[in-house]
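Below: the structure, in structure tokens.
The values are calculated or read from the model by the stated rules, or taken from the named source; none is laboratory data. Here the structure is a predicted model, which means the values were calculated and not measured. Here the Cβ positions follow ideal geometry from the backbone for every residue, glycine too, while neighbour counts run over all protein chains shown. These accessible areas exclude ligands, DNA and RNA; they are computed on the full protein's heavy atoms, side chains included. Shrake-Rupley method; radii C 1.70, N 1.55, O 1.52, S 1.80 Å.
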Amino acid sequence: MAADSEMQTTGLDSILDRYARDPNALLQVLREVQELHGYISSAAIGHIGAKLGIPHARIEGVASFYSFLHLRPHGEYRVLFSDNITDRMLGSQALMEQMCQQLWLQPGKVSEDGLVSINTTSCTGMCDQGPAMLVNGRAITKLTHQRVQEIGHLIRNRTPLADWPADFFRVEDNIRRSGPLLDNSIAPGDVLRAVIESGKDVVEAVKQSGLRGRGGAGFPTGQKWEACRNAPGAARHVVCNADEGEPGTFKDRVLLTRQADLVFEGMTLCALAVGARHGYLYLRGEYRYLLEPLQGVLQRRRDSNLLGKNILGQTDFDFDIAIHLGAGAYICGEESALIESLEGKRGVPRSRPPFPVTHGYLQQPTAVDNVETFCSATLAIQMGAEKFRAIGTERSSGSKLISVSGDCPRPGIYEYPFGVSVRQVLQDCGAVNTRAVQISGPSGMCIAESEFGRKLGFEDLPTAGAFMVFDDSRDLFEVARNFVHFFAHESCGFCTPCRVGTSMLKQTMDKIAAGHGTRHDLNEIEHLDQVLQTSSHCGLGRSACNPVLHTLKRFRPAYENRLKSLDFEPAFDLDGALARARQMTGRDDAGAHLKTEET
Amino acid sequence: MTDIFQLDGANIPFEPGQTVMQAALTAGHYIPHLCYHPEFKPHGSCKVCTVKVNGRTAASCTMPAEAGLNVESNIEEMNGLRRTLVQMLFAEGNHFCPSCEKSGNCMLQALGYDLEVHTAGFRHLYPDRPLDASHKDILLDFNRCILCELCVRASAEVDGKDVFALSGRGITKHLIVNAESGLLKDTNIALTDKAMQVCPVGVILPKRVGFSIPIGKRRYDQRPVSAQALDDAPRQADASGSCDVCEGTP
Ligand SMILES: Cc1cc2nc3c(=O)[nH]c(=O)nc-3n(C[C@H](O)[C@H](O)[C@H](O)COP(=O)(O)O)c2cc1C
Ligand code: SF4
Ligand code: SF4
Ligand code: FES
């Protein structure tokens, strides 16, 4: 026992020291302990708590909030199948079943020998090269029956992850159409240098470019930076939101792979504009494999005096960037939840006002922007406002990266000027017989064929980038049901309407899927939507009903075909209630089921 | 001159830094609430206090008061919403009022009566939430927890003990205690703690005094929750204190 707990605390001090025993780094410490030991033991919590001065229960509370952190041993190999609808359309469910059979395992359980666990996880951002999975946090793409079988063997033989075929871990950029952002080849530091030399006012330049946030809401970026600059505070911060959790979105991943310098240059320009000394890149845990390459870019920039003290010889221009990794929580993409997470806490959205521009990281003024926004800011300054505005439309200047996935022969990244029509994108990616497109992910819009003439941009269809294509073989009810499960899984649980409402919605959709739905259930969905829209604490709850409402409006038969003609059907399923007994007795024959009436 | 906003047609004066809820209660106007407590910084999680402000909905306990606001609270639309939220809280936990020793002293139950919640409204989730009877003087019945975090806040801010915290996410979110064993007996809680007094429902209960006041003679048996909340109001929160232990507080 003593030896055991000693084992569980080895290596902790060097991790804690690397974070200078900063309580704000709690999540980063826990994430590293998870990587080191495969789980976070009670002994480890006790040790960390003593060193950081944080109560045991509060650390437990933080660790239990994040999907990728485990408080109990969870297998030497932790396999998570990405469960976005696009993964499912590529056959992920059958592959997971295959793997469970091969390794004699039930989803969500740890094998008896403690070797492996298999489960699902929310979209891992590999929709253009799925089905995808994470093994001990490392992304694996393009799963096939053969690849899954090989993985099963490697796990059984306890082959260290480092010795697995490198091919498994290859992540493609799949750039199908490029534009000024992706084609940009300006040397690192040139835009920054030009700004410093000319004394240009960055805030003014960004304001004039008309740049609006690319994370979804479309807030004018220059205005945000100005508010941050003008807010009183002892220190200011720049935060890059690379949480990219919206299912079907993977453009930030490609920007961070291809154009990391543009991102960091944008952050540095922002720091210059608002007077910040500290910057943070909040990178989703699913993109863990990008950590070392990105740190390499940061180091190169430090070596070139583009980060650090007296940047480019400017006295008093000190700025550096640290990378924080998330650990599996979509809600941490919401800017105030992201800041809580940066502070090492549970990722719960704050009450707003006050907003992050005045009370952000450590209650100090903070500019939080999306990866693509920082890239575009660099580009806007490089090109000049006039040229930048010439791209796109009146109220949506510049270009936009679209992440195309689903039913089309050419999924991947497409850069377009704002104002491109849905039909054009469908044509370019080679989609045929398209029934629907999900714009901007589950929290966005589902549109039908009659609307394919609509244009991407803040005037018509605002988008954070996801573009999921469904052809006429797809069942839009199942698409909506997948999204509803996503929201229920990702609700942070802070406020009543979303915590309970998303679960109720999930139950209702499952009830309809099981053939027990009635018109009453459709009414209940509309009622739930009303409650979630009007009383949720943040955007997650407010948009959680969208997938259902949008598909109900456009594809109502997909729901009605499943309804019983009754007006009301109790949710209690007698046969379903026997499932546990069947499992315990190992029976699944006809005699172990209650007869269901044929209709 | 003090500033004024409108609440259901009445003029409500307020001090800078007050929220709509704080100003309303101080002025003798009740807005239904659960997670708000006059001695603590507003939390904003239950959403029972949702009102319409200039046509848009907002939680009144966290919404800063501003001159000229037009706040609508006692309207059917908002009361309907509150009824649903209360139904959600009942459905989320396991509330068997007839056998609960907090019956009559419970804010959730009282609010249910006040808002005329007559039906279940939702399928109940029947979560599995084992009791913690380990402590010799105190019982924890998690079945009734509505996750308002008042105990978390009281223990951290007033008692300086951090006995309670939250664990899990979404619908699996639940209350835990600060001990490696996970048991209350291994914490430093005491009967005299503030955390013992704040639970609006029947989770944190001193042992052996359960039915000393008979049902029918209890707090909300005398007067409805709306009247009693106003009695509590003048004890105002210190709006400046920043608390980083509980969810969602800036
Ligand atoms: C539930 C939720 C999830 C979000 N996820 C992301 C995200 O993954 N990435 C992102 O950039 N913004 C996300 N946002 C938007 C952010 O809150 C914020 O508006 C954005 O980072 C601001 O940057 P921008 O102005 O550059 O768009 C999310 C918002 C909500 C409500
Ligand atoms: S709406 Fe959902 S995600 Fe947002 S605060 Fe409420 S529970 Fe959390
Ligand atoms: S135990 Fe009581 S006070 Fe604590 S969170 Fe639950 S309901 Fe609130
Ligand atoms: S009383 Fe305002 S949210 Fe609970």
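Here are some notes:
- Unmet criterion (only one of (1) buried (at least 21 other Cβ atoms within 10 Å of the Cβ); (2) at positive phi) for residue B:104: (1)
- Complete set of residues in the stretch A:500-520 that are open to solvent by less than 20 Å² (accessible area, probe 1.4 Å), more than 11 Å from chain B (Cβ to nearest Cβ) and not aliphatic (A, V, I, L, M): A:517, A:518
- Considering the stretch A:37-53, and only residues there that are open to solvent by 30 Å² or more (accessible area, probe 1.4 Å) and under 19 Å from residue A:24 (Cβ atoms), the residue that is farthest from the other protein chains (Cβ to nearest Cβ) turns out to be A:51.
- Residue check for residue A:212: open to solvent by 10 Å² or more (accessible area, probe 1.4 Å), within 12 Å of ligand 1 (Cβ to nearest atom) and modelled with pLDDT of 95 or more: yes
- Counting residues in the stretch A:286-303 that are of a type in the set (Gly, Ala, Ser) and touching a Gly at 6+ places or on another chain (Cβ under 9 Å) gives zero.
- Any hit, the stretch A:452-469, residues being among the β-branched types (Val, Ile, Thr), open to solvent by 30 Å² or more (accessible area, probe 1.4 Å) and assigned to a loop (DSSP other than H, G, I, E, B): no
- In this entry, residue B:202 passes the filter for residues that are among the small types (Gly, Ala, Ser) and within 16 Å of ligand 3 (Cβ to nearest atom).
- Residue A:337 vs. criteria open to solvent by less than 30 Å² (accessible area, probe 1.4 Å), touching a helix residue (DSSP H, G or I) at 6+ places or on another chain (Cβ under 6 Å) and not polar (S, T, N, Q): yes
- Hey, residue B:91 open to solvent by less than 10 Å² (accessible area, probe 1.4 Å), more than 16 Å from ligand 1 (Cβ to nearest atom) and among the aliphatic types (A, V, I, L, M) or not: yes
- Strands (runs of 3 or more DSSP E) wholly inside the stretch A:119-231 containing at least 2 residues that are touching a Ser or Thr at 6+ places or on another chain (Cβ under 9 Å): A:133-135
- Residues of the stretch A:315-334 that are away from ligand 2 (no atom under 14 Å from the Cβ) and either under 19 Å from residue A:266 (Cα atoms) or open to solvent by 10 Å² or more (accessible area, probe 1.4 Å) (or both): A:315, A:316, A:317, A:318, A:319, A:320, A:321, A:322, A:323, A:324.
- Among the residues of the stretch B:142-163, those identified as surrounded by fewer than 23 Cβ atoms within 10 Å (Cβ to Cβ) and either more than 9 Å from chain A (Cβ to nearest Cβ) or in contact with a Pro (Cβ under 8 Å, 6 or more places away or on another chain) (or both) are B:142, B:143, B:157, B:158, B:159, B:160, B:162.
- In the stretch A:475-534, the residues that are more than 16 Å from ligand 2 (Cβ to nearest atom), among the hydrophobic types (A, V, I, L, M, F, W, C) and either more than 23 Å from residue A:331 (Cβ to Cβ) or touching a residue at least 40 places away in the same chain (Cβ under 8 Å) (or both): A:476, A:477, A:479, A:480, A:512, A:513, A:514, A:522
- Reported count of residues in the stretch A:522-531, each being at the interface with chain B (Cβ under 10 Å from one of its Cβ atoms) and either open to solvent by 30 Å² or more (accessible area, probe 1.4 Å) or touching a Cys at 6+ places or on another chain (Cβ under 8 Å) (or both), is 3.
- Of everything listed in (1) within 14 Å of chain B (Cβ to nearest Cβ); (2) over 15 Å from the mean Cα position of the chain (by Cα); (3) crowded, with 16+ Cβ neighbours inside 10 Å, the single unmet condition for residue A:353 is (3).
- Pairs meeting the criteria (first residue in the stretch B:181-205 and in a loop (DSSP other than H, G, I, E, B) and open to solvent by less than 40 Å² (accessible area, probe 1.4 Å), second residue more than 16 Å from ligand 4 (Cβ to nearest atom) and among the aromatic types (Phe, Trp, Tyr), beta carbons under 9 Å, at least 6 apart or on different chains) are B:187/B:164; B:189/B:164; B:203/B:142.
- Enumerated strands (runs of 3 or more DSSP E) restricted to the stretch A:322-427, each holding at least 2 residues that are not assigned by TED's automatic domain parsing to the domain that holds residue A:292: A:399-406, A:412-417
- Number of positions in the stretch A:472-487 that are within 14 Å of ligand 1 (Cβ to nearest atom) and open to solvent by 10 Å² or more (accessible area, probe 1.4 Å): 1
- Residue check, residue A:276 over 25 Å from the mean Cα position of the chain (by Cα) and in a loop (DSSP other than H, G, I, E, B): yes
- Subset of the stretch A:357-385 [open to solvent by 10 Å² or more (accessible area, probe 1.4 Å), more than 19 Å from the chain's Cα centre (by Cα) and within 13 Å of ligand 1 (Cβ to nearest atom)]: A:357
- Condition met for residue B:171 (touching a residue at least 40 places away in the same chain (Cβ under 8 Å) and under 30 Å from residue A:68 (Cα atoms)): yes
- Where strands (runs of 3 or more DSSP E) fall entirely within the stretch B:1-67, those with at least 3 residues that are touching a residue at least 40 places away in the same chain (Cβ under 8 Å) are at B:3-7.
- Annotation: residue B:166 fulfils all but one of (1) in contact with a strand residue (DSSP E or B) (Cβ under 8 Å, 6 or more places away or on another chain); (2) away from ligand 4 (no atom under 16 Å from the Cβ); (3) open to solvent by less than 30 Å² (accessible area, probe 1.4 Å); the unmet one is (2).
- Considering (1) more than 16 Å from ligand 3 (Cβ to nearest atom); (2) under 17 Å from residue B:146 (Cβ atoms); (3) out of contact with any Lys or Arg (no Cβ under 8 Å at 6 or more places or on another chain), the lone condition that residue B:32 does not fulfil carries the number (3).
- Failed condition for residue B:138, given (1) under 30 Å from residue B:14 (Cβ atoms); (2) surrounded by 18 or more Cβ atoms within 10 Å (Cβ to Cβ): (1)
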